[in-house]
Amino acid sequence: MAFESFRDFVDQLDRAGELKRISQPVATELEITEIADREMKLPGGGKALLFEKPTVNGVVSPFPVAVNTLGSHKRMAFSMGAESVDAVAAELGALMKAKPPTSFKEAIKLLSLALDLRHAKPKTVRSGPCKDVIHKFDAPVSATSWPPAPDWKKGTEPYPATLLNLPILKCWPLDGGRFITLPCVVTRDPDTGERNLGMYRIQIYDEKSTGVHWQLQKVAARHGRRYYETGQRMPVAIFIGGDPMFPFAATAPMPDGLDEFLLAGYLRKKSVELIKCETNDLEVPANADFVIEGYVDPTEPLRMEGPFGDHTGYYTLPEPYPVLHITAITHRKDAVYPATIVGIPPMEDFYIGGASVKLFLPIFKMNFPEIVDIALPAEGVFHNLVFVSIKKTYPMQAYKIMHGLWGMGQMMFTKFIVVVDHDVDVHNTSQVLFHLTADTDPQRDSIFTKGPSDVLDHATSDIGSGSKLGIDATRKIPGEGFNRPWPPIIKMDEAVKARVEKILGLGR
């Protein structure tokens, strides 16, 4: 299902009984976070929230704020137009199994072909609702391009959105300011021309400048380094809203070199229509709700960004990052401002991350066919803790999986990997912990290694690098340093269970 705007998605959630509307004024400073945090902590993720009268410095914004729209398994599937994320993953997996690849490079090529089967390649259009209202900051204000502030109050002109009056949230008390928390950031490699769509928080400094928190291992940061080497201004485009598959694609662990808009088009079953920005040559979805255009000047010094209450459950302390200078803001007349809140889990990002793992599990299985399932528990805040179940057939196989996963994309950030047998439900944390403690000898079944770490991880001794722990919680077999018989696990006879069910009136 393709949604033509974020308002369209919100309206569909409303009709499906998945939305709570909050009609009284609520401050974008802290109050929306407190309400959203309580809702996200409810069993199953609670409902999506639409704040119809968000206030900015006490003034009601004409743009409603939507939060927690992807914060449940049901809404995550609904955003894909499917009964479940598992069904979408199974379909993608079936497409890729049509011709099993012989290498990882071939697997990536096959993924690209599979995504393109729905004619999902993005296409360029000349016009779109994201340009209902256009403001070029270097151009004089005019009644046609950007109405003076008093006019919108009369209801005769579009609202003059700026970085200072958009309903951008200040989420937590010690945050360094307001942050755009669901931005889709478009950059381009200056050498190859390859586009990247990522999500990096955006701190508002003033009416025409922001911070861009692209961590050093991210693709946009790699693009940025090339611009810094050449001294050329780096064009950047940020869009907010549109189809909910846009932010999902921006956060998905897509293999390097594959266009995230291709994934979005596949999932929404319709090509993404892209439109050229007003002040640079980057392209953004024509149906986006807001577009913020600008550039990074590599000749300027970096600026301290943060603190920010992050998905780790702690504040990210201030660090120097590039400054984005805003050259234009465009938006729909009927725009909805989507946002998310991150903090101590469980939060909305738990469901987004879980859907990504399910969707890309077929890719993992292509490289590691012994993998049965993967889970990222909420307590691990995305990548800190990973549970993997495997069908073990030879000694030390669990360690092969640990090293293989640490070498794949964002899995390099994983601090703890626990490998269990195929019959353990990795989505049942209690069951995994039982086998972790019952089936391991800590010294024999653990391995420490070093590697890249998330720059948001406050616990590492140095930013961007740290240690990792892998634990083999599988049943031990000959060749793994275990020289005793492995006992059977306690389990009742099936015939006895059937007779007891009849006695208790539970059988058919």
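The values are calculated or read from the model by the stated rules, or taken from the named source; none is laboratory data. Since the model is a prediction, treat every value here as computed from it, not as a measurement. Cβ sites come from the backbone with ideal geometry, for glycine too, and all protein chains shown count toward neighbours.
Give G176, G198, G224, G231 a once-over and let me know the one that is of a type in the set (G, A, S) and farther than 23 Å from T316 by Cα. Before you say what the answer is, go through the steps one by one.
Numbers: G176 fails: farther than 23 Å from T316 by Cα; G198 fails: farther than 23 Å from T316 by Cα; G224 fails: farther than 23 Å from T316 by Cα.
The conditions single out G231.
Any idea how many residues of the stretch 398-423 are more than 27 Å from the chain's Cα centre (by Cα), free of Cβ contacts under 8 Å to residues at least 40 places away in the same chain and surrounded by 14 or more Cβ atoms within 10 Å (Cβ to Cβ)? Lay out the reasoning, then the answer.
Taking the stretch 398-423 and keeping what is more than 27 Å from the chain's Cα centre (by Cα), we get 398-400, 421-423.
So of that shortlist, the ones also free of Cβ contacts under 8 Å to residues at least 40 places away in the same chain come out as 400, 423.
Of the ones still in play, those that are also surrounded by 14 or more Cβ atoms within 10 Å (Cβ to Cβ) are 400.
Within the stretch 398-423, residues that are more than 27 Å from the chain's Cα centre (by Cα), free of Cβ contacts under 8 Å to residues at least 40 places away in the same chain and surrounded by 14 or more Cβ atoms within 10 Å (Cβ to Cβ) number 1.
Can you tell me which condition E39 does not meet? The list is (1) touching a Lys or Arg at 6+ places or on another chain (Cβ under 8 Å); (2) closer than 17 Å to P167 by Cβ; (3) in a helix (DSSP H, G or I), and all the others hold.
All conditions are met except number (2).
If you check A288 against the conditions, is it assigned to a helix (DSSP H, G or I) and not hydroxyl-bearing (S, T, Y)?
Values: assigned to a helix (DSSP H, G or I): no; not hydroxyl-bearing (S, T, Y): yes.
No, not satisfied.
Under 30 Å from P320 (Cα atoms), free of Cβ contacts under 8 Å to residues at least 60 places away in the same chain and not basic (K, R), is that true of T460?
Numbers: under 30 Å from P320 (Cα atoms): yes; free of Cβ contacts under 8 Å to residues at least 60 places away in the same chain: yes; not basic (K, R): yes.
Yes: the conditions hold for T460.
Condition first: surrounded by fewer than 19 Cβ atoms within 10 Å (Cβ to Cβ) and either of a type outside the set (G, A, S) or not assigned by TED's automatic domain parsing to the domain that holds G407 (or both). Now tell me which residues in the stretch 437-454 satisfy that. First the steps, then the outcome.
Going residue by residue through the stretch 437-454, those that are surrounded by fewer than 19 Cβ atoms within 10 Å (Cβ to Cβ) are 437-438, 440-444, 446-452.
Hits for the stretch 437-454 are T437, T440, D441, P442, Q443, R444, I447, F448, T449, K450, P452.
What tally of residues in the stretch 486-507 results from selecting those that are more than 45 Å from the chain's Cα centre (by Cα) and in a loop (DSSP other than H, G, I, E, B)?
So the answer is 2.
Filter the stretch 24-36 for residues that are outside any helix (DSSP H, G or I), surrounded by 14 or more Cβ atoms within 10 Å (Cβ to Cβ) and not aliphatic (A, V, I, L, M) and give the result.
P25, T28, E29
Of everything in the stretch 355-395 that's closer than 24 Å to E83 by Cβ and among the basic types (K, R), which residue is nearest to the chain's Cα centre (by Cα)?
Among them, the one singled out is K358.
Can you tell me which residue in the stretch 427-436 is surrounded by the most Cβ atoms within 10 Å (Cβ to Cβ), limited to those that are under 29 Å from the mean Cα position of the chain (by Cα) and within 17 Å of I489 (Cβ to Cβ)? Talk me through it step by step, then tell me what you get.
Initial filter on the stretch 427-436 (under 29 Å from the mean Cα position of the chain (by Cα)): 427-433, 436.
Okay, now just the ones that are also within 17 Å of I489 (Cβ to Cβ), so 428, 430-433, 436.
Details: N428: 13, S430: 7, Q431: 15, V432: 22, L433: 14, L436: 19.
Checked the stretch 427-436; the qualifying residue surrounded by the most Cβ atoms within 10 Å (Cβ to Cβ) is V432.
Conditions (1) aliphatic (A, V, I, L, M); (2) closer than 21 Å to L164 by Cβ; (3) in the same structural domain as A120 (by TED's automatic domain parsing), marked per residue:
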| residue | (1), (2), (3) |
| --- | --- |
| K269 | no, no, yes |
| I275 | yes, no, yes |
| T279 | no, yes, yes |
| F290 | no, yes, yes |
| E300 | no, no, yes |
| E305 | no, yes, yes |
| Y315 | no, no, yes |
| I326 | yes, yes, yes |
| D334 | no, no, yes |
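Scanning the stretch 274-285 for residues that are β-branched (V, I, T) and either assigned to a loop (DSSP other than H, G, I, E, B) or within 15 Å of L182 (Cβ to Cβ) (or both), which turns out farthest from the chain's Cα centre (by Cα)? It would help to see each step written out before you state the result.
Applying the first criterion (β-branched (V, I, T)) to the stretch 274-285 yields 275, 279, 284.
Add one more test, that the residue is either assigned to a loop (DSSP other than H, G, I, E, B) or within 15 Å of L182 (Cβ to Cβ) (or both), and what stays is 279, 284.
Numbers: T279: 27, V284: 18 Å.
That would be T279.
Looking only at the stretch 333-354, decide whether some residue is farther than 30 Å from S209 by Cα and free of Cβ contacts under 8 Å to residues at least 24 places away in the same chain.
Within the stretch 333-354, none of the residues are farther than 30 Å from S209 by Cα and free of Cβ contacts under 8 Å to residues at least 24 places away in the same chain.
When you look at T230, is it among the hydroxyl-bearing types (S, T, Y), assigned by TED's automatic domain parsing to the domain that holds E260 and crowded, with 21+ Cβ neighbours inside 10 Å, yes or no?
Values: among the hydroxyl-bearing types (S, T, Y): yes; assigned by TED's automatic domain parsing to the domain that holds E260: yes; crowded, with 21+ Cβ neighbours inside 10 Å: no.
Spelling it out, it is not the case that T230 is among the hydroxyl-bearing types (S, T, Y), assigned by TED's automatic domain parsing to the domain that holds E260 and crowded, with 21+ Cβ neighbours inside 10 Å.
Go through the residues of the stretch 158-165 one by one and say whether even a single one is modelled with pLDDT of 90 or more, assigned by TED's automatic domain parsing to the domain that holds L267, of a type outside the set (F, W, Y) and touching a Ser or Thr at 6+ places or on another chain (Cβ under 9 Å).
Yes.
Determine which single condition L506 fails, assuming it passes every other condition in (1) outside the structural domain of V386 (by TED's automatic domain parsing); (2) in contact with a Phe, Trp or Tyr (Cβ under 9 Å, 6 or more places away or on another chain).
Only one criterion is unmet by L506, namely (2).
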